[in-house]
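Written below as structure tokens is the structure these notes are about.
The values are calculated or read from the model by the stated rules, or taken from the named source; none is laboratory data. Note that this is a predicted model, so its numbers are computed, not measured. Ideal geometry is used to build each Cβ from the backbone, glycine not excepted, and the neighbour counts take in all protein chains shown.
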Amino acid sequence: MIRAELSGCRALARARRSNAKPFAYRYAQRTLNTVSTLQDWSDKAGETLLTLHEQAVDDAKIYTVELKNEPDNRLTTQLVTAYLDALDVVEKRWRLDCRNSDREPAAGQAALITTGLRNKDRFFSNGLDFGAAMATPGFFASSFNPLLSRVLSYPLPTIAAIQGHAFAGGLIFAIAHDYRVAKHIEGAAKGKIMLSTNEVDFGFGIPHATMMLLKAKLAPQALRDAVFTGRRFGAAEAQAAGLVDQLAPSGQATVEAAIRLAAALAVKAPKQAIGVMKQTVYRTELDLLMTETEDPPATPALDIQAALARLGSS
């Protein structure tokens with residue numbers, strides 16, 4: 001079973017290179033056991049920001065962070081802080097499990113999923129709270145960049161279950177994960193999701209470190225369309241462009257597909273080498289994210305000012 005699942009992962013990699021449709025993962029017979037809630041995180045007003053779930057699938061522990069910052073999961077300082085805390089909780093539990101891997105071969109099999117509010121399926125994340133981010137000194141250096149670098153280098157397999165729209169920073173956050181599964185409703189207008197890095201539409205420059213992350217993850221043509229035109233990709237278009245790896249026919253099916261994929265990938269976690277590999281693969285991007293001090297990023301106003309100084313204003 002495990003060998004077949006891993007061959008599916010390798011086939012997906014081949015499909016990406018050839019622009020063919022991804023291989024259908026061979027995990028249909030896995031049993032999805034009851035989900036247990038480990039912890040809730042709330043904001044200062046007592047409103048729930050996110051919930052951490054745990055689910056046993058065969059020998060693996062699948063952890064799911066469900067974003068609940070209603071109405072559209074804006075990536076505020078409070079949500080980012082809560083999310084990073086949840087990732088620390090998961091990592092600690094997993095590291096402790098790995099201590100038993102010599103005696104119990106299955107110990108330490110684990111993976112992480114991030115998804116949006118499951119009872120609504122409208123948004124994965126609508127990006128930053130732009131006004132609040134601009135009004136918060138050091139937001140990118142102290143909140144957004146640490147979020148991206150933590151996900152990009154996380155020591156477990158990570159999957160974004162995109163059951164709703166993902167815009168701007170919300171899509172960049174999803175792209176920082178290892179894999180992305182997206183909801184795709186064939187032929188229907190209602191319930192379809194859109195994915196877009198649409199900063200160009202509201203006159204905001206993507207920071208250099210973040211752009212390098214996108215460049216590392218996306219094909220050149222997809223990056224061009226995403227950042228220069230703010231193209232709104234439907235889920236199927238996003239898959240064809242390499243933004244997402246797999247499609248599912250509903251929000252619930254998206255999460256279930258992510259769980260099954262997570263279980264197939266979790267078998268590689270006990271040796272604790274995945275994070276080391278990520279740190280090597282993304283060393284340049286991680287260094288930029290951790291050292292970038294450009295806050296806020298460049299805006300068209302600065303470019304206009306420089307152009308007028310160079311060209312003359314009359």
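Give the range 224-241 a look and list any residue that's assigned to a helix (DSSP H, G or I) and either out of contact with any helix residue (DSSP H, G or I) (no Cβ under 6 Å at 6 or more places or on another chain) or on the phi > 0 side of the Ramachandran plot (or both), or say none.
Step one: of the range 224-241, the residues assigned to a helix (DSSP H, G or I) are 224-228, 235-241.
Selection gives ARG224, ASP225, ALA226, VAL227, PHE228, ALA235, ALA236, GLU237, ALA238, GLN239, ALA240.
Only one of the listed residues (ARG283, ARG310) is modelled with pLDDT under 95 and more than 24 Å from GLY116 (Cβ to Cβ). That residue is ARG310. Has the range 218-227 got at least one residue that is farther than 27 Å from VAL65 by Cβ, surrounded by 14 or more Cβ atoms within 10 Å (Cβ to Cβ) and basic (Lys, Arg)? Scanning the range 218-227, I find no residue that is farther than 27 Å from VAL65 by Cβ, surrounded by 14 or more Cβ atoms within 10 Å (Cβ to Cβ) and basic (Lys, Arg), so the answer is no.
Annotation note: Cβ proximity below 7 Å between a residue of the range 264-278 that is in contact (Cβ under 8 Å) with a residue 40 or more places away in the chain and a residue that is polar (S, T, N, Q) (sequence gap 6+ or interchain) occurs for ALA266/GLN109; VAL267/GLN109; ALA269/GLN109; PRO270/SER101; PRO270/GLN109; GLY275/SER153; LYS278/SER153. Take the residues in the range 242-266 that are surrounded by fewer than 21 Cβ atoms within 10 Å (Cβ to Cβ) and assigned to a loop (DSSP other than H, G, I, E, B), then tell me which one is nearest to the chain's Cα centre (by Cα). If we take residues in the range 242-266 being surrounded by fewer than 21 Cβ atoms within 10 Å (Cβ to Cβ) and assigned to a loop (DSSP other than H, G, I, E, B), then GLY242 is nearest to the chain's Cα centre (by Cα). Residues that are closer than 21 Å to LEU147 by Cβ, free of Cβ contacts under 8 Å to residues at least 40 places away in the same chain and not in a helix (DSSP H, G or I) do occur in the range 61-79, at least one of them. Of everything in the range 36-63 that is within 30 Å of MET134 (Cα to Cα) and under 18 Å from the mean Cα position of the chain (by Cα), the residue that is surrounded by the fewest Cβ atoms within 10 Å (Cβ to Cβ) is THR51. Look at (1) more than 14 Å from ALA266 (Cβ to Cβ); (2) touching a Lys or Arg at 6+ places or on another chain (Cβ under 9 Å) and you find that CYS98 fails only one, number (1). Restricting attention to the range 186-211, the residues being surrounded by 19 or more Cβ atoms within 10 Å (Cβ to Cβ), of a type outside the set (S, T, N, Q) and either farther than 18 Å from ALA133 by Cβ or touching a Gly at 6+ places or on another chain (Cβ under 8 Å) (or both) number 3. Of ASP72, ASP85, all but one fail to be surrounded by fewer than 18 Cβ atoms within 10 Å (Cβ to Cβ), modelled with pLDDT of 95 or more and not hydrophobic (A, V, I, L, M, F, W, C); the exception is ASP85. On the stretch given as the range 190-223, residues that are within 24 Å of PHE140 (Cα to Cα), outside any helix (DSSP H, G or I) and either in contact (Cβ under 8 Å) with a residue 40 or more places away in the chain or within 16 Å of the chain's Cα centre (by Cα) (or both) total 9.
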